[in-house]
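Reading through the structure tokens given below for one structure.
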Amino acid sequence: MTTAMPALCWNPAGEAPAFEPQALIAASRRMRERAWILRDPRSGRLGVGFGGTLGPAGVAEVVGALPALMPQSLGDPAFCATHRVRLPYVAGEMAGGIATCEMVIAMAQAGMLGFFGAGGLPLPAVEAAVERLQTSLGPRGLAWGINLIHNLHDPAAEDSVVDLFLRRGVERVCASAFLQVTAPVVRYAISGIHQDAQGRIVRPRHLFAKLSRPEVAAQFMGPAPASVLAALVDQGRISRREAELAAHVPLAQDITVEGDSGGHTDNRPLVGLFPVITKQAAELQARHGYATPVRVGAAGGLGTPASVAAAFALGAAYVVTGSVNQAAVESGLSPAGRALLAQAAIDEVAMAPAADMFELGARVQVLKRGTLFAPRAQRLQEIYRLYPGIDAIPPADRQRLEKEVFRMPLSQVWAQTQAYFATRDPGQVDRAAREPKHQMALVFRWYLGQASRWARDGQADRAMDYQIWCGPAMGAFNAWTRGSVLEDPAQRTVVQIALNLMEGAAVVLRAQQLRSYGLPVPAAAFDVRPRLIT
């Protein structure tokens with residue numbers, strides 16, 4: 001015969017337990033404290049208490065306990081330890097220098113990770129950014145990273161950027177917009193790999209990969225391709241020993257699964273995509289027996305505490321934000337562009353042709369509010385598909401393009417484009433001379449490329465042509481901050497955005513913990529208002 005254990009009871013130490021809905025809302029905000037889940041012996045109601053004493057008798061029966069829940073504990077602790085950060089939160093790279101050095105420095109100083117947006121910048125500008133970040137953050141050992149964007153039209157440029165990263169000792173690089181693994185990416189990830197005195201494989205550089213396709217994820221989560229390693233060894237770019245060790249580690253240790261987002265996106269919902277890629281990660285871990293498992297983070301659509309909490313509930317090792325940081329005061333986007341973002345609603349985004357992969361039909365998600373870029377860019381895509389070259393465009397359509405979109409004759413646009421490629425990539429000019437359709441693509445890409453620069457520089461006479469990469473997270477963020485201190489664009493620093501999202505996510509997850517015990521937690525407990533956090 002078993003003897004029932006006596007109930008453990010709770011007695012307050014000056015503070016009564018919380019049973020009423022409003023009191024439960026307040027209790028969810030106290031996630032940094034241990035909470036006792038209590039049952040009132042008279043009514044049977046469930047509530048929560050803080051502090052107090054436990055014993056065989058008391059005012060309420062203890063039915064459970066919740067440990068303190070800190071924002072820094074929401075993700076994978078190995079992520080924070082590896083990258084020497086306090087919070088599992090990343091301010092993602094935004095191309096064209098929109099993710100500025102100021103943004104990266106502010107994140108590092110606050111104990112978080114930021115990536116400089118090197119994509120689309122000339123090599124001297126990238127090197128200047130590396131110099132500044134190393135000078136500002138290196139002596140203090142603070143973590144930072146930089147972007148490596150896939151260059152479909154100029155693979156040599158991708159190689160040159162990796163040369164720079166290796167020469168300057170850049171420790172963290174995020175590869176983005178890749179459709180497949182390339183030799184420069186492998187060279188960056190593998191260079192310097194070695195074993196320590198205990199035989200453990202040591203990687204002096206950390207490669208992140210941001211992606212939204214399972215087939216691409218498989219390439220980055222698997223070891224570097226043997227054929228690429230062999231070619232790099234033959235070229236003398238990595239050693240044979242480095243190639244041998246590369247077979248035992250994933251190419252990228254940190255994989256960021258990107259759902260519906262600004263810029264290049266497949267518009268896939270994060271909640272559907274993330275489990276697919278985490279399952280892949282587990283399968284590859286079992287197959288290759290990595291000593292350190294791949295960490296899988298989440299990005300895309302993260303603009304509120306609830307969405308960040310959902311990402312961590314999915315199992316994200318870390319979260320990455322993008323669109324909302326573009327509206328931060330440290331952003332490289334012009335004040336005019338940031339003002340447009342601050343007014344955007346969740347549905348005021350649209351898909352438009354991408355400048356870097358125009359011929360392939362790739363698209364980017366952009367802000368629709370206050371700009372005609374999306375429909376104008378889409379019209380260029382339609383004309384490109386319909387006609388074999390510029391001379392075949394019907395006169396009425398051509399005149400409309402020259403008046404409304406380019407604001408100059410197409411012949412003049414081609415002259416500018418030709419001069420640009422003559423020094424940067426002469427092969428493009430040669431090909432255009434042979435292929436009229438390629439010439440048309442280069443001319444149309446002139447508009448797509450300039451539109452992002454007009455937005456970045458705040459060129460007033462081109463405001464209707466601003467190309468501002470933006471996902472629905474921006475509208476969600478605006479709705480969440482309305483009526484709060486962060487409604488004011490001047491208060492939207494990248495650190496305040498991060499701290500409020502992480503703090504709020506912890507509150508949301510605590511409210512859900514309380515609800516999972518059966519407490520009648522009101523919906524209002526999941527709505528955390530922004531505030532200035534120090």
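Annotations
- Annotation note: of A157, A91, the sole residue that is among the aliphatic types (A, V, I, L, M) and surrounded by fewer than 19 Cβ atoms within 10 Å (Cβ to Cβ) is A157.
- Residue count, region 138-151 (criterion: more than 12 Å from V173 (Cα to Cα) and buried (at least 19 other Cβ atoms within 10 Å of the Cβ)): 3
- Residue satisfying all of: in region 400-436; closer than 22 Å to F373 by Cα and either of a type in the set (A, V, I, L, M) or not in a helix (DSSP H, G or I) (or both); nearest to the chain's Cα centre (by Cα) among these: V405
- The listed residues are I255, I238, and the only one of them that is modelled with pLDDT of 95 or more and in contact with a Gly (Cβ under 8 Å, 6 or more places away or on another chain) turns out to be I255.
- Residues that are under 21 Å from L179 (Cβ atoms) and over 17 Å from the mean Cα position of the chain (by Cα) within region 247-271 comprise P250, L251, listed in sequence order.
- R34 touching a residue at least 12 places away in the same chain (Cβ under 8 Å), basic (K, R), within 30 Å of A125 (Cβ to Cβ) and surrounded by fewer than 22 Cβ atoms within 10 Å (Cβ to Cβ): no
- Among the strands (runs of 3 or more DSSP E) confined to region 10-89, the ones with at least 2 residues that are closer than 24 Å to Q512 by Cβ are located at 35-39, 46-50, 60-66.
- Where helices (runs of 4 or more DSSP H) fall entirely within region 297-399, those with at least 2 residues that are of a type outside the set (F, W, Y), over 30 Å from L486 (Cβ atoms) and without any contact (Cβ under 8 Å) to a residue 24 or more places away in the chain are at 373-386.
- Only one of A479, A432 that is touching a residue at least 40 places away in the same chain (Cβ under 8 Å) and of a type in the set (A, V, I, L, M, F, W, C): A479
- Any hit, region 340-351, residues being under 29 Å from L152 (Cα atoms), in contact with a Lys or Arg (Cβ under 7 Å, 6 or more places away or on another chain), surrounded by fewer than 20 Cβ atoms within 10 Å (Cβ to Cβ) and among the hydrophobic types (A, V, I, L, M, F, W, C): yes
The values are calculated or read from the model by the stated rules, or taken from the named source; none is laboratory data. In this text, all values refer to a predicted model and were calculated from it rather than measured experimentally. Here Cβ is always computed from backbone atoms with ideal geometry, including for glycine, and neighbour counts include all displayed protein chains.
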